[in-house]
Structure formats: structure tokens, C-alpha cells
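J.: Below is one structure. I have some questions about it.
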Amino acid sequence: YVAAVYEHESILSPTPAALVERRSALELMGRNLDIYEQQVLAAARQGAQIIVFPEDGIHGFNFSRSSIYPYLDFIPQSCSGKWNPCREPYLFNDTEVVQRLSCMALKNKIFLVANLGTKQPCEHSDPQCPLDGRYQFNTNVAFAADGTLLATYRKHNLYFEYAFDTPPEPDYAFFDTPFAGKFGMFTCFDILFFEPAVKLIRQYNLKQIVYPTAWMNQLPLLSAVEFQQAFATAFNVNILAANIHHPTLGMTGSGIYTPVKSFIYHNMESYGGKLIVAEIPVITADYKTNLEKIPGRVSEKGKDQSPPLFYAEMMYDNFTFVPVWGEKGELQVCANTLCCYLNYQRVVLTDELYALGVFDGLHTVHGTYYVQACALVKCGGLSFSTCGQEVTDATALIDFQLWGNMSTPYIFPLLLTSGITLDFADHMGWKSNYYFLSKNKTSSGLLTAALYGRWYEKD
């Protein structure tokens, strides 16, 4: 099927904390929706059957709970599949944004997914009802090609979004299409957690995901395109990921991903939006990654000198590292219960410092979640203290096999190359109690090769 995602540079309110009238909120959102309208038309002309827009693309961000209120639409609960806002605009008040999105879908005969803020009044008899008598949700909406509202999803894992409430129960949102079956839906930070993302995919055996996001890139392990690709690979799904485009805030990185191929956009240099259109196969059955024999444990004997252990902060976590020296070798580094192993050979020796790092613990900055990671990374400079820094360019081509005795089945294989481009492993998967990733000849200089494990039960 042909899919489209739009990385949108949203027109933001210069004063998001100011209280404004609904009329001026609609005026600002209307300017973003005008751009959406052009992009839906462009995508439909290229044969796209579905288009996805980013999180916060219509209203922007940095609001307070009260200042976002005029920007919120009303969406009745559980009206999925019964209401066509374009054709029945009179049914509910404060649905101007939803109506416009519905009309775009109808006019261009395309499935459309977008993100907006919504409100829902609640009774004080509801123990979770906020004091102001209303819920405010960060909401995705999906429309059919005739403008019908098919599904809504309220973001569960909020990322410092004080204007919004967490829904009382997680939403498991999906909708059906004639061209690719069911699509599941979640938002941004949700991708790192079990609820509702993993549970949704497993419970409903979903193979296609739509994913609006407003993601701030964090190298070396959580760049948007790097993690979106790893998620598609780990769960064997297609992902249509639309990010917002604000390079000054570190926000870029969208794509259409299959487990074996991706069409991505990552651009920190220029401004303006970007439409990606690609044809991808519908995934039906599970395919198995080909496993190869894992070499035995690294034997310590016969080594004159094992390289020194050192510690450095990476992604706000205290990693234990060993340097990757020389043109080839075998390394091992452990922390807690996790041991990481690396066999490597450099195609050409460059003067870049690489290190193999391990972390097995609770990550506590910008969210709390348990990570088990084995990571081969390029360091920022030649001293150990630069390992873990954000690096975007590399020249070293390295053949490697990386493996670890992970305690969680949820492993996201990361493979990032120079200029924030993606590469694909030759082999990966489980062999007894080890997960491994191997690659001969990356397409360009290696930035990160990592096994990023999420141990959800320990969150």
C-alpha cells in the first residue's frame, strides 16, 4: 500500500501561556491546518491511501492547563465509526478542527491520522475528575476516506505535558482499512512503555502502526529515526511515524518503516516541512530472522592485556565501558547481571575512539524506566570522558558481532551510521540466552550499534 507521513514545522503561538479567545486559537490552528490541507492533496496525488501528521502539529506546545483550553476540541466518547464531522458538523459544539480534518479525508478520499487537544467534561462524582471539572487529553484521531471518525487515542505516557491529563484507563486504539487491515495507534513517549503500545500490538496481533510524535532527539541511543526503525524491527511491524520539525529544539526525524527497509527524513539544517510517500508491503505473517551460530564465550586466556574499564555518562546513565582499540579483537564488559560481548574488525584503522558500554539499571531522568543496554558507540573525541557524547559523523567502517545475555525479551536493535542514517543488520535474534546483532561493512561510518533492552516489569 502507499503511505504518507508529513514532518510539519508548526506555526507556534508566540505566547503559549497567554489566555486567548477560542476565535484567535482557531485562527492560529487554521494556519497549520491550511498547510495540512496542501499536504493531503499532494499525498493523494501521489497515490497515498493514508497520511499521518505529527503530535502537537496543530496547536503547538508549552501551554499551561488553562492557556490550552481555547485550543481544545470536543470529541464525544465512543462515537467511533458513527460520526462524520464533515457531513454532520452540527452534532456537537467546539469541533471545528475535527471537522476540517474530516473534510480533508473526505475531499481527498484518503485515510487521515492527526493529533490535537481535546476536552471532556466530567462529574465531581468521578474521583479522577480534575478540579476544573474537565479532562484535557492529548488525542490522536483517525478518519476513513469518507470522513468518518474511526478511532480516537488519548496519550497515556505524558512527557512533562502539564496541560494534559492521563486517561483513567489506557486506550487500545486501532482502526480497519481495506488496503492493509488493522492499524494500531499511539503517541511519542508511549513507544518506550509496555502500556499501551506493546500490549496493543500483542493483544490484537497488529502489523501496522500509525505514530504521531514530537520527539526531541537524544544521541547516541534515542534519535527518532533510530528508535522508530528499531521498534519496527523488534515487533515486526510497519510504522508510519510523523515527527514535528523544529531543529532548534532538536526535533526532526520521521519515516515509513518496515522491518527490513525504511524511508526516512532527518534534517537539522533546513526549515519547513517534508512529505514522505512510499509504497510498502502489508505484513501478514510473522517471519523469522535468520539466526547464525554465536561464537563461544570470549576466553580470557592468551590475552596479555585486557583494555581498561572506565565509566562515563551516556543518556544520563552511568555506563561501564571498555575501549575498542586496534584493528580487531574480542571484548567483554559486564554490569549487574548483564554481560555484553563484541567481536570486531575495523576495515581501515582510523584515529576515532570507539567504546563498548553496558548499562543494566533504572533510568531516572526525563521519565523512569528500566534499561538493559549493550552499546558500541563512537566517542566524541579521543579521551574516555567523551564516550557517550552526542556524535553525528563517523568514518570508521567496522565489521562486528555484538551480543548480550539480556534478561528481557524486548530488545530494540539500533544501528545508526554517519549523518544520522540507518543501516540494517545482516543477522540478529536470539540464540540460547543471548541476543545478538551482526554486520559486515556498514554502509557508512558507524555511530551506534546497540541492543537496547526494555525490562518493563522493573519499571
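J.: Give the residue that is surrounded by the most Cβ atoms within 10 Å (Cβ to Cβ), with candidates limited to residues of region 395-414 that are in contact with a strand residue (DSSP E or B) (Cβ under 6 Å, 6 or more places away or on another chain) and more than 20 Å from GLY329 (Cα to Cα).
T.: For region 395-414, the residue satisfying everything is LEU414.
J.: Filter region 79-95 down to the residues that are touching a strand residue (DSSP E or B) at 6+ places or on another chain (Cβ under 9 Å), surrounded by fewer than 18 Cβ atoms within 10 Å (Cβ to Cβ) and not aromatic (Phe, Trp, Tyr) and list them by number.
T.: Across region 79-95, the qualifying residues are CYS79, SER80, GLY81, LYS82, ASN93, ASP94.
J.: Are there any pairs, at least 6 apart or on different chains, whose C-beta atoms fall under 9 Å, with the first in region 162-174 and under 18 Å from VAL113 (Cβ atoms) and the second among the aromatic types (Phe, Trp, Tyr) and part of a loop (DSSP other than H, G, I, E, B), and if so, which?
T.: Hits for this filter: ASP171/PHE186; TYR172/TYR204; ALA173/PHE186; PHE174/TYR204.
J.: State yes or no: is GLY326 modelled with pLDDT of 90 or more, over 27 Å from the mean Cα position of the chain (by Cα) and either surrounded by 18 or more Cβ atoms within 10 Å (Cβ to Cβ) or not in a strand (DSSP E or B) (or both)?
T.: yes
J.: On the given criteria, is CYS334 within 29 Å of the chain's Cα centre (by Cα), under 16 Å from ILE398 (Cβ atoms) and open to solvent by less than 90 Å² (accessible area, probe 1.4 Å)?
T.: no
J.: Could you go through region 344-366 and let me know if any residue there is open to solvent by 20 Å² or more (accessible area, probe 1.4 Å) and under 30 Å from ILE256 (Cβ atoms).
T.: yes
J.: Continuing with this model, one more query. Suppose we keep only residues that are in a helix (DSSP H, G or I), among the hydrophobic types (A, V, I, L, M, F, W, C) and in contact with a Phe, Trp or Tyr (Cβ under 8 Å, 6 or more places away or on another chain) within region 226-275. Which one would you say is most open to solvent (accessible area, probe 1.4 Å)?
T.: The residue in question is ALA234.
J.: Answer with yes or no whether GLU96 is touching a Ser or Thr at 6+ places or on another chain (Cβ under 8 Å) and under 20 Å from PRO212 (Cβ atoms).
T.: When the stated conditions are applied, GLU96 does not pass them.
J.: Additional query: In contact with a Ser or Thr (Cβ under 6 Å, 6 or more places away or on another chain) and closer than 21 Å to GLN229 by Cα - does that describe any residue in region 378-395?
T.: yes
J.: What is the one condition in (1) at pLDDT below 95; (2) charged (D, E, K, R); (3) within 28 Å of the chain's Cα centre (by Cα) that LYS82 does not satisfy?
T.: LYS82 satisfies all of (1) at pLDDT below 95; (2) charged (D, E, K, R); (3) within 28 Å of the chain's Cα centre (by Cα) except (3).
J.: Go through (1) out of contact with any Cys (no Cβ under 8 Å at 6 or more places or on another chain); (2) part of a loop (DSSP other than H, G, I, E, B); (3) at pLDDT 95 or above; (4) among the β-branched types (Val, Ile, Thr) and name the single condition VAL391 misses.
T.: Unmet condition: (1).
J.: Those residues that are polar (S, T, N, Q), under 25 Å from the mean Cα position of the chain (by Cα) and either open to solvent by less than 30 Å² (accessible area, probe 1.4 Å) or under 20 Å from HIS246 (Cα atoms) (or both), I need them from region 39-78; list them, please.
T.: Listed by number, the residues that qualify are GLN39, ASN62.
The values are calculated or read from the model by the stated rules, or taken from the named source; none is laboratory data. None of these values were measured; they are calculated from a predicted model. Counting neighbours? That spans all protein chains shown, and the Cβs are built from the backbone with ideal geometry, glycine included. Just the protein is used for accessible areas: all its heavy atoms, side chains included, with ligands, DNA and RNA removed. Shrake-Rupley method; radii C 1.70, N 1.55, O 1.52, S 1.80 Å.
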